[in-house]
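> What follows is a structure written as structure tokens; I'll ask about it next.
The values are calculated or read from the model by the stated rules, or taken from the named source; none is laboratory data. Since we're looking at a predicted model, the values are computed, not measured. No Cβ is skipped: glycine too gets one built from the backbone with ideal geometry, and neighbour counts run over all protein chains shown. Surface accessibility is based on the protein's heavy atoms, side chains included, excluding ligands, DNA and RNA. Shrake-Rupley method; radii C 1.70, N 1.55, O 1.52, S 1.80 Å.
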Amino acid sequence: MKGEPDFLQNLRDEMGGGRQWLDRAVVIAYAVLAGLAVVALTLLADGAFALYSQLRSGWWWAPLLWTPALTALVVWATRRWAPGAAGSGVPQLLTALDPATPLAERPRFVSLRLSVAKIVAVSGGMLAGLSIGRQGPSVQVAAGVMLHARRWLSPASGISDRELLVAGGAAGIAAAFNTPLGGIVFAIEELSRRLQDRSSGLMLAAIVIAGLVAVSAFGNLSYFGRVRAETMSWWSLLLPGALVALCCGLLGGLLSRLMLASFTGLPDRFCAYRRKRPVTFAAICGFVVAVIAVVSDGAAVGVGHEHTKQLLDQATDPGGSHQPLLFTGLKFIASWLSAWAGVPGGVFGPSLSLGAGLGADVAWLLDSPHGVALIALGMCGFLAAVTQTPITAMIIVMEMTDGHNMVLSLMASALLASLVSRMISRPLYSTMSLLMMRSIREPAPLDGAGIPTAPERSAPR
């Protein structure tokens, strides 16, 4: 039939193009480097927080001096040498992907230099003992590495900068969480809603290769083990599950709104002081986070993975050290202030920890026997509420906990929490990206997170 593929001719075309194979080798090599970059970020960040934990365990008062001093240093260094490395990293990638972003402006948001700066700055924030994550930064780090492949690709490769950026961002999520499906869905739901066939192939190749690098370094294990939710009727989980999702939507939407309000700069004395003295303001935020670390014995700072694992263990073996309601409130404040300080860091990890705390709180309040399931629902709901990407949140939590038996419950929690959050706040990442786009059209002073302040709210020079 006319128009059908000619197998032999296609095979000759595939095998005969030497330059085409060289371009493919370049992409594969950079996918490996992207995975190694995420591994380096993970090891450095975790090692830095381990050093902070040793310091805090040796001298309980040390964070009161150490955290504000190092927070101020990280913010000062980031603003001076790499302002594009500030913030989460996802809005920067969205801005670089925007067709309206001029090619000359793209290195302001994603580049190999910013990837290196991001790794160092996030590790510095973890060493300071702030409540930040490293998964969002992994997106910008991996995307910057993949974009650098452009200089080695031939003009006839057919691989665009956009495809490299999407592949890098998806690979960053996949390698950071060890969730390949989560990387794919994140690319579709957040980074690009109109992937082409060629883009999909490049993205999948980058995810597989970067994921293999991460698995080689850390093992093919679920982040939080396997969630073994006992057999239960949907009716027994309906009320507590709905309450968890509702609380996650309300608190996650509030956190997102606070972050946006903080970054855009409100006409109040706090934001005015932050614009005028950003380094001093960062030190003040660091001091408050240090107080929270002392009060919570370190549980409410850092990414929060260890505390989440303890919650899951406590749900099956009661008697742990979780402080109901108090942990969630302190973690919420610490995460907000850590972001407001302007230190590079993500919100994925703290959101999962906050959601786990909320799920444990609801299980404690209702004396529910389904603590493990409610914690998993909380993790999914809070991540969906903050990012407003419910499918990504559901897939990530399902893969991180190996909770395939809870797919429908996780999906319902993510959808309800995201719906409630949308009633409270605009989408966090896309709104920040719009603000960054405004900085391209109308240059304005940048705050500590690389977000332009409104001209009418800017402090006079």
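> Within region 390-414, can you find the residues that are open to solvent by 10 Å² or more (accessible area, probe 1.4 Å) and under 19 Å from the mean Cα position of the chain (by Cα)?
The answer is 390, 391, 394, 395, 398, 399.
> Kindly establish whether residue 181 is at pLDDT 75 or above and either surrounded by fewer than 19 Cβ atoms within 10 Å (Cβ to Cβ) or more than 21 Å from residue 90 (Cβ to Cβ) (or both). So that I can check it myself, show each step before the final result.
Working: at pLDDT 75 or above: yes; either surrounded by fewer than 19 Cβ atoms within 10 Å (Cβ to Cβ) or more than 21 Å from residue 90 (Cβ to Cβ) (or both): yes.
Criteria met by residue 181.
> I'm checking my understanding of the structure. Among residues of region 133-161 that are open to solvent by 10 Å² or more (accessible area, probe 1.4 Å) and in a loop (DSSP other than H, G, I, E, B), which one is modelled with the lowest pLDDT?
158
> Please state which of the following conditions residue 427 fails to meet, knowing it meets all the rest: (1) at pLDDT below 90; (2) open to solvent by 10 Å² or more (accessible area, probe 1.4 Å).
Going through the list (1) at pLDDT below 90; (2) open to solvent by 10 Å² or more (accessible area, probe 1.4 Å), residue 427 breaks only (1).
> When you scan region 265-362 for helices (runs of 4 or more DSSP H) that lie fully inside it, which ones turn up with 2 or more residues that are open to solvent by less than 60 Å² (accessible area, probe 1.4 Å), modelled with pLDDT of 85 or more and closer than 17 Å to residue 88 by Cβ?
278-295, 326-340
> Please list, ordered by first then second residue, the pairs with beta carbon atoms under 6 Å, 6 or more apart or interchain, first in region 124-143 and at positive phi, second in a helix (DSSP H, G or I) and among the hydrophobic types (A, V, I, L, M, F, W, C).
Every condition considered, the pairs that remain are 129/293.
> Can I ask one more? Can we say residue 383 is hydrophobic (A, V, I, L, M, F, W, C) and either out of contact with any Cys (no Cβ under 7 Å at 6 or more places or on another chain) or under 17 Å from residue 189 (Cα atoms) (or both)?
Here the answer is yes, as residue 383 does meet what is asked.
> Please go through region 78-126 and give me each residue that is within 19 Å of the chain's Cα centre (by Cα), of a type in the set (Val, Ile, Thr) and in a loop (DSSP other than H, G, I, E, B), ordered by number.
110
This table checks each residue for (1) at pLDDT 90 or above; (2) open to solvent by 30 Å² or more (accessible area, probe 1.4 Å); (3) within 30 Å of residue 219 (Cα to Cα); (4) in a helix (DSSP H, G or I).
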position	(1), (2), (3), (4)
1	no, yes, no, no
8	no, yes, no, yes
20	no, yes, no, yes
34	yes, no, yes, yes
42	yes, no, yes, yes
54	yes, yes, yes, yes
68	yes, no, no, yes
